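Q: First, the structure itself, so that you have it in front of you.
Where a number appears in this text, it was derived from the coordinates with a stated rule and is not lab data. This structure is a prediction, so every number in the text was calculated from the model and none was measured. Every residue, glycine as well, gets a Cβ built from its backbone with ideal geometry; the counts of neighbours run over all protein chains shown.
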Amino acid sequence: MFSDEFDGLCIELDAIVAHSRANAEMRAVLSRVERQLEPTILHDDLCTLRGLAPEDIRWRVMDHCSAVGRIYAVYEHFCENVLHDWLHFLSARKPFLDLPEQIVGSYRTGFAHIVSRLPSPRYDHLSVEDLVSGYDAALKGESTYSLAPECLTHHQSNLRWNGPVALLCRPKCSFRPLSS
């Protein structure tokens, strides 16, 4: 069910590792560049690049900060995609009001938060009409309802590990099909 999201996560993490390795190698190459009597064009370019680059420790700190920031963004995107797929899965199998109270209550709070901020550039892909109709169908117990994952991920601070774990690891949540 989540294999596409996991594959995308692996691709993004591999790119971060490749970027870090390439920057480390570039730092090593630039540290070995020395002036020659008859410089080549490549040597001139490397010397210019060495002059533009920050000192080694500052460059490594920037690489580290960049990698950590990107890892967080990839993690957050992965969690939101998994949540989107999970909500779609749940909406086809379980009435909204039969979901655990933590999810129903969190959705209610998130719904109010998102709707009160529309229209906004952050949520330009959402409309009040679509949100209200999907939530209304869920509250009426209809078999076809849709939930906006943004209503569960409208975090004020950074997304923490315990949030997705709490949502996705509900031991008493049974998945019986909706009655027709």
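Q: Run the quick spin-label model on Arg60 and His43: label points 7 Å from Cα toward the beta carbon, then report their separation in nm to one decimal.
A: Calculated label separation equals 2.9 nm.
Q: Once the Cα gyration tensor of the stretch 7-143 is diagonalised, what are the square roots of 5 times its eigenvalues, in whole Å and ordered largest first, as equivalent ellipsoid semi-axes?
A: Values: eigenvalues 553, 50, 29 Å².
Largest first, the stretch 7-143 gives 53, 16, 12 Å.
Q: Something else now. Can you compute the FRET efficiency between Arg32 and Asp124 using 1/(1 + (r/R0)^6), with r the Cβ-Cβ distance and R0 = 35 Å? Round to the nearest 0.05.
A: Working: r = 49 Å, r/R0 = 1.39.
That gives a FRET efficiency of 0.10.
Q: For the stretch 51-75 and the stretch 95-125, write down the distance between their C-alpha centroids in whole Å.
A: For the stretch 51-75 versus the stretch 95-125, the Cα centre distance is 35 Å.
Q: How far is it, in nm, from the label point at Asn23 to the one at Asp7 when both lie 7 Å from their Cα along the line to the Cβ?
A: Output for this residue pair reads 2.9 nm.
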